Amino acid sequence: QLFSCTSIGLFLVDDAGKEQILQLSNGCVCCTIREDLRSTLTTLAEKKRKGELDFDRGVIETTGLADPGPGAQTFFMDDEIAESYLLDSILTLVDAKHGDQQLDDRQEARRQIGFADQIFISKTDLVDDATVDALIHRVKHMHPRAQQRKVHFGDVPNAEVFDLKGFNLNAKLDIDPEL
């Protein structure tokens, strides 16, 4: 399923594959946790500058049906964050079994599609080909510029997740002019 909004995880990864995981659980990324995200990113950038921490990229994973707009906004509304980080792309996972219902019922699900630079369709083995094709068509109609790919058990090459340079602020402002 698409998610219910509860918390986020921040994964730090260096080129050698070493990773660290930070959990922020004071609320959702689109609400109260945004200040925690800003504070955490600021602290991490400072530690990296001092040589206390080494990472090449961070991956923010929301757990929940989160509106990606406010989290993305953190990366260009705060000068210190904007100088230290590049928002590379927004990835969205759509569950083939439950995606249509979530898109019907939840504005946040539709916003996730609208903000996505890359969309992964999961659980295609749980529904027939016609259902998958209809969902892909629906998502493509909602956001024709976003690339879509069916995935099996989350098996996605790193090249389709990292260094996409897919985030385009002007395109996102078309979705949410108030962003």
So Asp125, is it open to solvent by 60 Å² or more (accessible area, probe 1.4 Å) and over 26 Å from Leu37 (Cβ atoms):
yes
Return a yes/no flag: does the stretch 65-86 have any residue that is under 18 Å from Gly166 (Cβ atoms), in contact with a Leu (Cβ under 6 Å, 6 or more places away or on another chain), at pLDDT 60 or above and aromatic (Phe, Trp, Tyr).
yes
Quick check on my filter: what residues within the stretch 69-87 are open to solvent by less than 60 Å² (accessible area, probe 1.4 Å), part of a loop (DSSP other than H, G, I, E, B) and within 20 Å of Gln118 (Cβ to Cβ)?
Tyr85, Leu87
The stretch 23-63, residues that are at pLDDT below 65 and either surrounded by 15 or more Cβ atoms within 10 Å (Cβ to Cβ) or closer than 15 Å to Ile81 by Cβ (or both)
Leu24, Gly27, Cys28, Val29, Cys30, Ile33, Thr63
Matching option when the condition is at pLDDT 95 or above and charged (D, E, K, R), among Asp129, Asp174, Asp117
Asp129
Against the condition closer than 22 Å to Leu164 by Cβ, open to solvent by 20 Å² or more (accessible area, probe 1.4 Å), of a type in the set (Phe, Trp, Tyr) and assigned to a helix (DSSP H, G or I), how does Phe153 come out, does it pass?
no
Hey, Thr131 without any contact (Cβ under 8 Å) to a residue 60 or more places away in the chain, part of a helix (DSSP H, G or I), among the hydroxyl-bearing types (Ser, Thr, Tyr) and surrounded by fewer than 19 Cβ atoms within 10 Å (Cβ to Cβ) or not:
yes
Within the stretch 41-68, which residues are assigned to a strand (DSSP E or B), touching a Phe, Trp or Tyr at 6+ places or on another chain (Cβ under 6 Å) and not polar (S, T, N, Q)?
Val59
Cβ-Cβ under 8 Å, sequence separation 6+ or interchain: first residue in the stretch 79-98 and β-branched (Val, Ile, Thr), partner assigned to a loop (DSSP other than H, G, I, E, B). Which pairs?
Ile90/Ala116; Ile90/Asp117; Ile90/Gly166; Ile90/Phe167; Thr92/Ala116; Thr92/Ala146; Val94/Leu2
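Would you mind finding the one in Ala116, Ala134, Ala146, Ala109 that is more than 16 Å from the chain's Cα centre (by Cα) and of a type outside the set (Ser, Thr, Tyr)?
Exactly one of Ala116, Ala134, Ala146, Ala109 is more than 16 Å from the chain's Cα centre (by Cα) and of a type outside the set (Ser, Thr, Tyr), namely Ala134.
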Collect the residues in the stretch 44-91 that are of a type in the set (Asp, Glu) and either within 26 Å of Arg106 (Cα to Cα) or under 10 Å from the mean Cα position of the chain (by Cα) (or both), keeping them in residue-number order.
Glu61, Asp67, Asp88
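The values are calculated or read from the model by the stated rules, or taken from the named source; none is laboratory data. Nothing here was measured: the structure is a model prediction, and the numbers come from that model. Ideal geometry is used to build each Cβ from the backbone, glycine not excepted, and the neighbour counts take in all protein chains shown. Protein only, heavy atoms only, side chains kept; ligands, DNA and RNA dropped before computing areas. Shrake-Rupley method; radii C 1.70, N 1.55, O 1.52, S 1.80 Å.
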